[in-house]
1. Starting from 0.36 nm per residue, how many nanometres of slack lie between residue 223 and residue 182 once their C-alpha separation is accounted for?
2. To the nearest 0.05, what FRET efficiency results for residue 30 and residue 57 with a Förster distance of 45 Å applied to their C-beta separation?
3. Once you place label points 7 Å from the Cα toward the Cβ at residue 196 and residue 239, how far apart are they in nm?
4. By how many nm would the segment from residue 155 to residue 44 grow when fully extended, if each residue of separation counts as 0.36 nm and the alpha-carbon distance is taken off?
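No lab work stands behind these numbers, since they all come straight from the coordinates. Remember, it's a predicted structure, so these values are computed and weren't measured experimentally. Using ideal geometry, Cβ is built from the backbone for each residue, glycine included, and neighbour counts are taken over all protein chains shown.
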Amino acid sequence: MDSKERLEILKEILLTEEREFDKDLVLKIEKLKSRQDNLSDRVTPILDERMDDFVENMPKALGPVITETLKTEIKKSQEAVAEALYPVMGKMIKKYVQAEIKKLNEDINKRLNKTFSFRNWFSGKDNNIDAAALMYEQYKARIEQIMIIEKGSGLLKANYAKRPTLDEDMLAGMLTAIKSFVEDAYNQGEMELERIDYELFTIHLQNFSNYYIAVVITGIYDDDYKDKLEDVLLDFAQFVVNKSDLENPETFTKKLKSYFTDERI
């Protein structure tokens, strides 16, 4: 046997072993794949069932925890939440009240029109309207001064007045004292004083969480004017005032002046 024949025999032996190894490897891979498919068929329904149980039971299990966590967080930041909600809630309540008053007013007007339409035909109604309009223009409500006052302490945080007034800080303290005295005297829980009348002046008080706005007004302060004023003050609180403004009276005063210098009401 020459070397060439030996080489051929060796080659054949090696190739045979390699083929057998490849076959064995392929068989193992196929077995593994088959086992994986079988495992998937068994596990998938179990996982699906577990997932369905999780989706169904998660709200029951986590709901109380999430609710309790939210309550805790809201308690921690009560002032911030209240300050953010005050203007929004105030507007919602105002809209509801205004809608109800409008319905009542329309109903009353219909009844009055039916009752007095014939009589008004022969009366000098136009002259009366002109006189009333002139009278209203003469005595219409005008803002003389606006003060932002911190609740509790009575500290003046911002002030805008058309004309120089007496000691604004003392006035802010007096208003807070009167407000607190009246609210404590009536002891009505969450009710707050909203108006003080002093000779020719009406002081409108708009309450918020950490502060209140005192608006000194001359002229006819009727429900229509009050509604408009409340809307303006609520917009001011919601869109202009920041929480940091209470700590920076100078910036707060600038905002107050720029917002109310032009006639908004």
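1. Values: separation 41, 0.36 × 41 = 14.76 nm, distance 2.21 nm.
My answer for the length gained is 12.5 nm.
2. 0.65
3. Placing both labels 7 Å beyond Cα along the Cβ direction yields 3.0 nm.
4. Going from the current span to full extension adds 33.2 nm.
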